[in-house]
Amino acid sequence: MAATSQNKKLFEDYDGFVEKFKPKKTTDDCYTPPIVYNAVAEWVANEYHLDKNAFVRPFKPGGDYESENYSGKIVVDNPPFSILAAIVDFYLFYGVKFFLFAPTLTSLVTLSDRCTSLPIGADITYENGAIIPTSFVTNLEPFKIRMRTAPTLYAAVAEANRKSRAETTKQMPKYAYPPELITSAQLYTYNKYGIDFVIPRGECVRVGKLDAQKPFGKTIFGGGLLLNDRLTAEREKAEVFELSERERYILTNLNTASKE
């Protein structure tokens, strides 16, 4: 009995057991979408009159930024946020020029003691799926500048992020079904709006797709029900808000005015 109870407990906690071994989405796994990085690099090159060929990205899987050859190079990259302060100190100590991604909400004020912070706060959707408000820190600015805004950088990053999301988000086609067809997804919204709707078995037929969908190889997701005329009329009535007497009076005046 004890063994059975223990096995049951292990089974019930299986999801939690598996979850422990899944890689977590942390800020140190934030691989930057190429379109976003390119927008940042382009801005840096234009703003500081630099050659993009001199840019280096030492923060890659298995990389060792401390062993990188920085001779004649400028770091424009997204470092592990958890050790950002140590990275900045390392670059400042060795005189390495940098323009680094940084988390907006945590380290900008502190890091501005040592370099310049650009708190643009643009949301970036990184390749691990994490959405992080992102800003930047740099020693490309004169040291007398502690913090500064950069509206053009914000605009460039926001637009690049929008394009990146559009490219990576699968756009599902949306179909407009005739009122004679109803799906479970449409029905459950009725509960939200307090609509009672009963479908007797003898007044509907279950279908997996409409004939009009066949040439496109499409189906009705989850299936649907074809309704008879009575149910279709009830459905249309349930889904339409009736106009009040006041609104009908307004329409009457509009119609009269349009004929004059």
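Data for the structure
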{"read-out": "Condition met for LEU100 (modelled with pLDDT under 95 and of a type in the set (A, V, I, L, M))", "value": "no"}
{"read-out": "Qualifying residue in the range 79-91 (condition: in a strand (DSSP E or B), out of contact with any His (no Cβ under 8 Å at 6 or more places or on another chain) and more than 13 Å from THR32 (Cα to Cα))", "value": "no"}
{"read-out": "Hey, ASP89 among the acidic types (Asp, Glu) and in contact with a strand residue (DSSP E or B) (Cβ under 7 Å, 6 or more places away or on another chain) or not", "value": "no"}
{"read-out": "Top-ranked residue of the range 53-78 - restricted to ones that are without any contact (Cβ under 8 Å) to a residue 24 or more places away in the chain and assigned to a helix (DSSP H, G or I), ranked as most open to solvent (accessible area, probe 1.4 Å)", "value": "ASN53"}
{"read-out": "Some residue of the range 93-100 being surrounded by 14 or more Cβ atoms within 10 Å (Cβ to Cβ) and either basic (Lys, Arg) or assigned to a loop (DSSP other than H, G, I, E, B) (or both)", "value": "yes"}
{"read-out": "Number of the exception - ALA45 against (1) closer than 26 Å to GLU127 by Cα; (2) modelled with pLDDT under 95; (3) small (Gly, Ala, Ser)", "value": "(2)"}
{"read-out": "Single condition THR125 does not satisfy, out of (1) within 25 Å of GLU167 (Cα to Cα); (2) at pLDDT 95 or above", "value": "(2)"}
{"read-out": "Considering residues of the range 32-41 that are surrounded by 14 or more Cβ atoms within 10 Å (Cβ to Cβ) and not small (Gly, Ala, Ser) only, the residue nearest to LEU153 (Cα to Cα)", "value": "VAL40"}
{"read-out": "Strands (runs of 3 or more DSSP E) enclosed by the range 115-211 - at least 2 residues per element that are open to solvent by 70 Å² or more (accessible area, probe 1.4 Å)", "value": "204-207"}
{"read-out": "Residue within the range 120-136 that is of a type in the set (A, V, I, L, M, F, W, C) and without any contact (Cβ under 8 Å) to a residue 12 or more places away in the chain present", "value": "yes"}
{"read-out": "Only listed residue being under 20 Å from ASP77 (Cα atoms) and of a type in the set (A, V, I, L, M, F, W, C), chosen from ILE145, ILE132", "value": "ILE132"}
{"read-out": "Residues (part of a loop (DSSP other than H, G, I, E, B), touching a residue at least 12 places away in the same chain (Cβ under 8 Å) and open to solvent by 40 Å² or more (accessible area, probe 1.4 Å)) located in the range 212-239", "value": "LYS218, PHE221, GLY222, ASN228"}
{"read-out": "The range 191-208 residues that are closer than 12 Å to ARG235 by Cβ, paired with ones that are β-branched (Val, Ile, Thr) and open to solvent by less than 100 Å² (accessible area, probe 1.4 Å) (beta carbon under 9 Å, 6 or more apart)", "value": "ILE195/THR189; PHE197/ILE182; ILE199/ILE182; CYS204/ILE182"}
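The values are calculated or read from the model by the stated rules, or taken from the named source; none is laboratory data. No experiment lies behind these values; they were computed from the predicted model shown. A quick note on method: Cβ atoms are made from the backbone with ideal geometry, for glycine too, and the neighbour counts reach across all protein chains shown. SASA here: full protein model, heavy atoms, side chains in, ligands and nucleic acids out. Shrake-Rupley method; radii C 1.70, N 1.55, O 1.52, S 1.80 Å.
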